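**Student:** Just passing along the structure, written as C-alpha cells.
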Amino acid sequence: MRLEGIHHITAITADAPRNVDFYARVLGLRLVKKTVNQDDPTVYHLFYADELGSPGSDITFFEYPGARRGRAGAGMVHRILWRVASEDALDFWEERLRKEGFEAAREPGRLRFSDFEGLNLELAVVETDDAVLIAEHPEIPAELALQGFDAVRAYSAEPEASRRFLEEGLAFKPADEGAYELRGEERGSFYTYDQARERGIGGAGTVHHVAWASPQEEHEAWRQRVLEAGGSPTPVIDRFYFRSIYFREPSGVLFEIATIGPGFTTDEPLEHLGERLSLPPAFEHLRDQLEPVLTPLPDPRARESVG
C-alpha cells in the first residue's frame with residue numbers, strides 16, 4: 001500500500017470574501033465546492049483546486065469570521081508549496097503578486113510570499129511525471145498556472161521522534177535532510193520538517209491539517225496501519241465527497257488520510273462546481289437556517305465572464 005501524496009490542505013481564514021478573491025482571482029484556482037464545516041456547520045468550508053477538483057491540488061479553508069491571526073509553531077504546517085513549470089512562470093507570478101500588493105522573495109527555482117492573513121506560500125519549479133493539475137483563468141496562461149501541490153513544511157521540536165512512525169507506519173521515504181517523500185502509483189509529495197520549539201497558535205492564516213490520499217479500497221487498512229504504528233486515529237468519517245480518518249503524528253501535526261473519491265461531482269455537475277452552497281444529505285435540512293448566517297461570497301467565475 002502506498003499513499004498518493006497530498007490529498008488536500010486545510011487552513012483557517014477570518015474573511016471568506018477576501019479568501020475567495022485571493023485564491024480564485026489572484027492565484028487562479030477554481031472554487032470547486034462551497035459547503036460547510038461538517039463539525040461546525042455554521043461556518044464555511046471552501047475548496048479551491050484545479051479545473052476538475054482533483055486531489056493533489058485542493059486547498060481548503062474554514063471561515064471563522066473575525067478570528068484572530070494565528071502563528072505557526074511546533075506541531076503545525078507552516079508553508080505550502082505548489083509546483084510551476086518554469087522560471088518564466090515565477091517571473092509571471094512575481095509581477096502579478098507585486099501588482100496586487102503582495103511582496104515576494106525570489107531565488108532560483110522558488111518564489112515565497114504570504115496571503116493576506118500571513119499564510120506562508122511558495123511556488124517551486126519542479127520537473128515531474130505527475131499529471132499537471134491546473135485551473136482555467138482568463139488572466140493566467142495554462143503554461144504559467146499553478147500545477148498542484150509539491151510539498152508542505154512543518155515545524156517540529158523533535159523531528160527525529162516522528163521518523164519511525166512516518167517510515168514504518170505511513171511508508172514515507174527519507175529524502176533530503178529533514179524531508180520525506182510520499183509517492184504512490186499516480187502522484188507524490190514531500191513532507192519536510194524545520195526545527196522550532198515554540199508551540200504555535202491556531203487562528204486565521206494557519207494550517208489546520210494536511211490530508212494524504214488513499215485509494216478507497218485501502219482506507220480501512222490504512223487506519224489499521226496507523227493503529228499498529230502507535231497512532232490514535234478517529235473512526236472512519238464519511239465526509240460525503242471523501243472518507244476520512246484523523247490523527248496526530250508524533251511531532252504534533254494533525255494528519256488526515258482521505259479517500260480519492262467519490263469527489264466533488266457527487267452533488268454538482270463539473271461545469272457548475274462551487275456556484276451554490278452544497279450541503280451533504282445529512283445537512284440539507286439545515287439549508288434555510290444556514291444560508292442567512294453564512295457570509296455572502298463573490299462568484300469568481302461570473303466576474304471572469306464579464307471581465
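**Student:** Starting from the Cα gyration tensor of segment 7-306, take the square roots of the eigenvalues, sort them a ≥ b ≥ c, and report rounded, prolate or oblate (rounded when a/c is under 1.5, otherwise prolate if a/b is larger than b/c, else oblate). Walk me through the numbers before you get to the answer.
**Tutor:** On the way: a/c = 1.43, a/b = 1.10, b/c = 1.29.
Verdict is rounded for segment 7-306.
**Student:** From the residues Leu182, Val132, Ser251, which one has its Cα farthest along the dipole of the chain in the positive direction, the dipole being from +1 and -1 charges on Cβ of Lys/Arg and Asp/Glu about the Cα centre?
**Tutor:** With unit charges placed on the Cβ atoms, the residue in question is Ser251.
**Student:** Please report the relative contact order for segment 231-290, taking Cα pairs under 8 Å with a sequence separation of at least 6, and give it as a percent rounded to a whole number.
**Tutor:** 22
**Student:** Run the quick spin-label model on Ile201 and Ala282: label points 7 Å from Cα toward the beta carbon, then report their separation in nm to one decimal.
**Tutor:** Here the answer is 3.3 nm between the modelled labels.
**Student:** Measuring from centroid to centroid over Cα atoms, what is the spacing of segment 147-220 and segment 267-292 in Å?
**Tutor:** With segment 147-220 and segment 267-292 each reduced to a Cα centre, they are spaced 31 Å.
**Student:** With labels modelled as points extended 7 Å from the Cα through the Cβ direction, what inter-label distance (nm, one decimal) is found for Leu227 paired with Val293?
**Tutor:** Taking the two extended label points, one gets 3.6 nm.
**Student:** What percent do you get for the relative contact order of the chain when only Cα pairs under 8 Å and 6+ apart count?
**Tutor:** Details: 719 pairs, mean separation 80.1, N = 307.
The normalised contact order for the chain reaches 26 percent.
**Student:** Provide Glu107, Glu220, Glu117 in ascending order of the number of other Cβ atoms located within 10 Å of each residue's Cβ, fewest first.
**Tutor:** Taking fewest neighbouring Cβ atoms as first place, the list is Glu107, Glu220, Glu117.
**Student:** A further question on this structure: Arranged from highest to lowest average of other beta-carbon atoms within 10 Å per residue, in what order do the peptides 146-155, 290-299 appear?
**Tutor:** For the peptides 146-155, 290-299, the packing ranking is 146-155, 290-299.
**Student:** Fewest to most neighbouring Cβ within 10 Å: what's the order for Arg96, Arg164?
**Tutor:** Fewest-to-most Cβ neighbours within 10 Å comes out as Arg164, Arg96.
**Student:** Could I ask something else about it? Let me check I've understood the local charge: for Arg163, count other residues with C-beta under 13 angstrom from its C-beta, Lys and Arg +1, Asp and Glu -1. What total comes out? Provide the component values of the computation, followed by the final result.
**Tutor:** Details: positive: Arg164, Lys173; negative: Glu158, Glu160, Glu167, Glu168, Glu177, Glu249.
Local charge sum for Arg163: -4.
**Student:** Okay, moving on. Around Asp194, under 14 Å between beta carbons, what's the net of Lys plus Arg minus Asp minus Glu among the other residues?
**Tutor:** Spelling it out: positives minus negatives among the neighbours equals -2.
**Student:** Suppose only helical runs count, i.e. DSSP H with n ≥ 4. What mean residue ellipticity at 222 nm does that imply for the chain under -39500 (n - 2.57) per run, divided by all residues and rounded to the nearest 500 deg cm²/dmol?
**Tutor:** Numbers: 5 runs with 39 residues, N = 307.
One gets -3500 deg cm²/dmol as the mean residue ellipticity at 222 nm.
Each reported figure results from applying straightforward, stated rules to the coordinates on display, with no laboratory input. Keep in mind the model is a prediction, meaning the values are calculated, not measured. Quick reminder, even Gly has a Cβ in these numbers, built from the backbone with ideal geometry, and neighbours come from all protein chains shown.
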